[in-house]
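Notes to accompany the following structure.
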Amino acid sequence: MTIEVLNEFGADTAEGLARCMGNEEFYLKMVELGLADERFDTLRPILEAHNLDDAFEMCHALKGVFGNLSLTPLYDQISEMTELLRARTEMDYLPMFDEIRAERDRLLAMAKEKESTEG
């Protein structure tokens, strides 16, 4: 993962770096950990079970992760889902989750592609 890739993705890296006191290595490590957050992988089964309370808790936690890392495209999408779950809106959340997962996977693919062209 690089700052360049994050900028291309649409992340607010200046804000994310500021939260990490300008330590780029630390920020990039936190981004990698945030993208690998296990709550992301367990959210889909919870949504499939239509467990709105647990889904809200997971979404809210991920919103904090993505927000603190200034991963704006992911933050915007997870925020929307979080608010719908907070309001206990009855709907099929799976398409929304799949869009968020696709966006995360797009960022991971961008990082991998950058790594392979430089490596």
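The values are calculated or read from the model by the stated rules, or taken from the named source; none is laboratory data. Because the structure is a prediction, the values reported are computed rather than measured. Here the Cβ positions follow ideal geometry from the backbone for every residue, glycine too, while neighbour counts run over all protein chains shown.
Structure notes:
- For the condition at pLDDT below 95, in a helix (DSSP H, G or I) and charged (D, E, K, R), E90 does not qualify.
- Of the residues making up the stretch 104-117, those that are free of Cβ contacts under 8 Å to residues at least 24 places away in the same chain and either assigned to a loop (DSSP other than H, G, I, E, B) or of a type outside the set (S, T, N, Q) (or both) are D105, A109, K112, E113, E115.
- Pairs linking a residue in the stretch 29-48 that is farther than 24 Å from T2 by Cβ and modelled with pLDDT under 90 to a residue that is buried (at least 16 other Cβ atoms within 10 Å of the Cβ) and not small (G, A, S), with Cβ atoms under 8 Å and 6 or more positions apart or on different chains, are R39/M58; R39/L62.
- Of all the criteria given as (1) basic (K, R); (2) crowded, with 16+ Cβ neighbours inside 10 Å; (3) not in a helix (DSSP H, G or I), the one not satisfied by R101 is (3).
- Of residues in the stretch 49-84 being over 9 Å from the mean Cα position of the chain (by Cα) and among the hydroxyl-bearing types (S, T, Y), the one surrounded by the fewest Cβ atoms within 10 Å (Cβ to Cβ): S79
- From A87, A111, residue being more than 15 Å from F40 (Cβ to Cβ), among the small types (G, A, S) and over 17 Å from the mean Cα position of the chain (by Cα): A87
- Helices (runs of 4 or more DSSP H) enclosed by the stretch 11-53 - at least 2 residues per element that are farther than 19 Å from L74 by Cα and of a type outside the set (K, R): 24-35, 38-48
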